[in-house]
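**Student:** Let me give you the structure first, and then I'll get to my questions.
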Amino acid sequence: MEVYLDNASTTKVSKEVFEAMKPYFQEEYGNPSSLHDKGIKIRKVLNTAKKTVASLLHCDHSELYFTSCGTEASNWALKGLAFANRTKGEIITTKIEHHATLHAAEFLETMGYIVHYLDVDNQGFVDLDQLTRLIGDNTLVVSIILANNEIGTIQNLSAISAICEAASVYLHVDAVQAITHMPIDLSTMKVDLMSVSGHKFHAPKGVGLLYIKDGTHIVNLIHGGQQENDLRSGTENVPYIIGFTKALEIGIDQYTDYESRLNDYARYFLKRLDEAGIDYRLNGPPIGPDRLPGNVNLSFKGYEGMDLTYYLNKAGIYVSTGSACDSTSIDPSHVLQAIRVPEDYIHATIRFSIGAYTTKEQLDYALDNLIRILQELT
Ligand code: PLP
């Protein structure tokens, strides 16, 4: 049996999404910028898709810009703001960002920006007092990972946005893991920019989105044609944008069922380990509203993560150590270090990310094997 428990890394394209995309490869392949009927037809399809996404996220369609991925969206948010607003020289982010944000911030440091990296507590929640102390007239943007890709922590966004609003500072959120896995309503969220990526919710890899609130002073990074309101050049990836839209519709429609089912699965996961007498730590907040559904990030005392993933992989069970982007590195990830996972646990940390298509039978197979491997390796 194959059990894919790495859905935070990427998800499979769902059947409905694949079907929705198909006509746009070989039949409706016109360029939306062309002025003939085949192009105009596609322009209308793209306009409708953007309006659909806008209504699902509760914003105006003119505030949405399709990108190639979440990494591009976050790079554009930070660098686009930095290049457009030269009078402010400081950026605040956190110690538990995805590398898309961390490395973009480090690049801006090389250009003279001062970047502050907020501490988090042992469940991954941002230090709000530190944010209040650091934010000021020279702060350009606060960039926060809304839901963490490794440990699933969902930040207290209303508290963070209130601090940014009071200081008149732009707030960018990396919502790549959050979309369709928690409620998102841009009409109430008080964020200025938000990054999204399709492949985390059953759209294909290679399509993302940046929400830029009307009135935000930002410049484009990719220059060329006049696509995306002249802010993000490049011929639109029509089939993928259609797939993204379909996946978003399905994900938001099925969220309530998804959340309760995956939280039940996560609780069941821990119960089985407890019953087997396994010594583990759940990294991140308790299962419930402050944690991404399906994220089970565990550290096992006295083991090596690489050994566990090797034997799990041999049994057809696919998981991550740390984040996917870190999976070749043996050092504990920056996120696990930031939440101060104890030394005797940190080296055997595994992220099991249960997804919309995981079945109870698959979960039992994975648990039977995990418990067997842990017992055999002692
Ligand atoms: N931000 C977070 C929180 C992520 O989990 C990821 C992907 O793992 C990204 C950004 C990057 O998104 P993409 O893979 O679309 O570039």
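**Student:** Condition first: within 14 Å of the ligand (Cβ to nearest atom) and not in a strand (DSSP E or B). Now tell me which residues in the stretch 54-79 satisfy that.
**Tutor:** If the condition is that a residue be within 14 Å of the ligand (Cβ to nearest atom) and not in a strand (DSSP E or B), then Ser68, Cys69, Gly70, Thr71, Glu72, Ala73, Ser74, Asn75, Trp76, Ala77, Leu78 are the ones that fit.
**Student:** Now a separate question. With the requirement that a residue be among the hydroxyl-bearing types (Ser, Thr, Tyr), open to solvent by 10 Å² or more (accessible area, probe 1.4 Å) and within 16 Å of the ligand (Cβ to nearest atom), what does the stretch 293-324 give you?
**Tutor:** Within the stretch 293-324, Tyr318, Thr321 qualify.
**Student:** A further question follows. Hey, among the residues in the stretch 186-218 that are small (Gly, Ala, Ser) and open to solvent by less than 20 Å² (accessible area, probe 1.4 Å), which one's nearest to Lys15 (Cα to Cα)?
**Tutor:** Only one residue tops the list, namely Ala203.
**Student:** Working only within the stretch 94-113, note down all residues that are of a type outside the set (Asp, Glu), away from the ligand (no atom under 12 Å from the Cβ) and not in a loop (DSSP other than H, G, I, E, B).
**Tutor:** Ala105, Phe107, Leu108, Thr110, listed by residue number.
**Student:** What is the one condition in (1) farther than 27 Å from Ala100 by Cα; (2) open to solvent by 50 Å² or more (accessible area, probe 1.4 Å); (3) part of a loop (DSSP other than H, G, I, E, B) that Pro286 does not satisfy?
**Tutor:** Of the numbered conditions (1) farther than 27 Å from Ala100 by Cα; (2) open to solvent by 50 Å² or more (accessible area, probe 1.4 Å); (3) part of a loop (DSSP other than H, G, I, E, B), the odd one out for Pro286 is (1).
**Student:** Out of curiosity, is Cys59 touching a helix residue (DSSP H, G or I) at 6+ places or on another chain (Cβ under 7 Å) and under 30 Å from Leu108 (Cα atoms)?
**Tutor:** Judged against the criteria, Cys59 is a match.
**Student:** Looking only at the stretch 222-237, count every residue that is buried (at least 17 other Cβ atoms within 10 Å of the Cβ), under 24 Å from the mean Cα position of the chain (by Cα) and not acidic (Asp, Glu) and tell me the total.
**Tutor:** 3
**Student:** Has the stretch 205-219 got any residue that is within 13 Å of Ser143 (Cβ to Cβ) and within 12 Å of the ligand (Cβ to nearest atom)?
**Tutor:** Yes - at least one qualifying residue is present in the stretch 205-219.
The values are calculated or read from the model by the stated rules, or taken from the named source; none is laboratory data. In this text the structure is predicted, and so the values were computed from the model without any measurement. We place every Cβ from the backbone using ideal geometry, glycine too, and count neighbours over all the protein chains shown. With ligands, DNA and RNA removed, areas are computed over all heavy atoms of the protein, side chains included. Shrake-Rupley method; radii C 1.70, N 1.55, O 1.52, S 1.80 Å.
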